[in-house]
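For reference, the structure discussed in these notes is given below.
Read the figures in this text as sums done on the coordinates, not as results from a lab. What you see is a predicted model, and the numbers here were worked out from it, not measured in a lab. Reconstructed Cβ throughout: ideal geometry from the backbone, glycine too, with neighbour counts over all protein chains shown.
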Amino acid sequence: MKQEAGLLTRCAIAALTALMCFLGVEAMAVDGLTTIRSSHGPKETMDRLEAKVKAKGLTVFARIDHAAGAAAVGLSLRPTELLIFGNAKGGTPLMQAVQTIGIELPLKALVWQDVSGSTWLSYNDPNWLAKRHGLGHEGDATLKAMAAALDAMTKAATAPQ
């Protein structure tokens, strides 16, 4: 019985893997991290994201080029750039409820290029952050708005023209 279940599980995993390879995977899953494939190169993806963030009226606090930092100390790194952005009206109510969520704010998005040359955009799911810090229902409206804004901005930044 155990052997049959193990074989069935391995077959199911193999079939799922084959299907994902055949169809192509547009998103990766890591707990609380949303990652989507971009139709653009790293620089254009980040430029588009920064423009969408500013158009929403959010503040861009920093744009950090990790690859440039690596090059400055003689190391190589594929394109990897971080955008730090937010809005006190969105983040403050969450911190009023649970101050430790402040370690996650302002929001961050990472644009990176994998070994095959594909460009990806990753960000933390606001609902996962709330769960991580034990935020109750008092943050639901803010989290819903944050998640919707992140979804819209990142999809616009990564979508074909």
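How about the stretch 110-161: which of its residues are of a type in the set (D, E, K, R), closer than 20 Å to Gly90 by Cα and not in a helix (DSSP H, G or I)?
Asp125, the sole residue that qualifies.
Would you mind finding the one in Glu81, Glu104 that is touching a helix residue (DSSP H, G or I) at 6+ places or on another chain (Cβ under 8 Å), buried (at least 18 other Cβ atoms within 10 Å of the Cβ), within 15 Å of Leu33 (Cα to Cα) and of a type in the set (Asp, Glu)?
Glu104
How many of the residues in the stretch 57-97 are of a type in the set (D, E, K, R) and under 16 Å from the mean Cα position of the chain (by Cα)?
So the answer is 2.
Has the stretch 35-51 got any residue that is farther than 19 Å from Gln161 by Cα and not in a loop (DSSP other than H, G, I, E, B)?
The answer is yes, given that some residue of the stretch 35-51 is farther than 19 Å from Gln161 by Cα and not in a loop (DSSP other than H, G, I, E, B).
Applying the selection to the stretch 52-96, what residues are under 20 Å from Gly117 (Cβ atoms) and in a helix (DSSP H, G or I)?
Across the stretch 52-96, the qualifying residues are His66, Ala67, Ala68, Ala70, Ala71.
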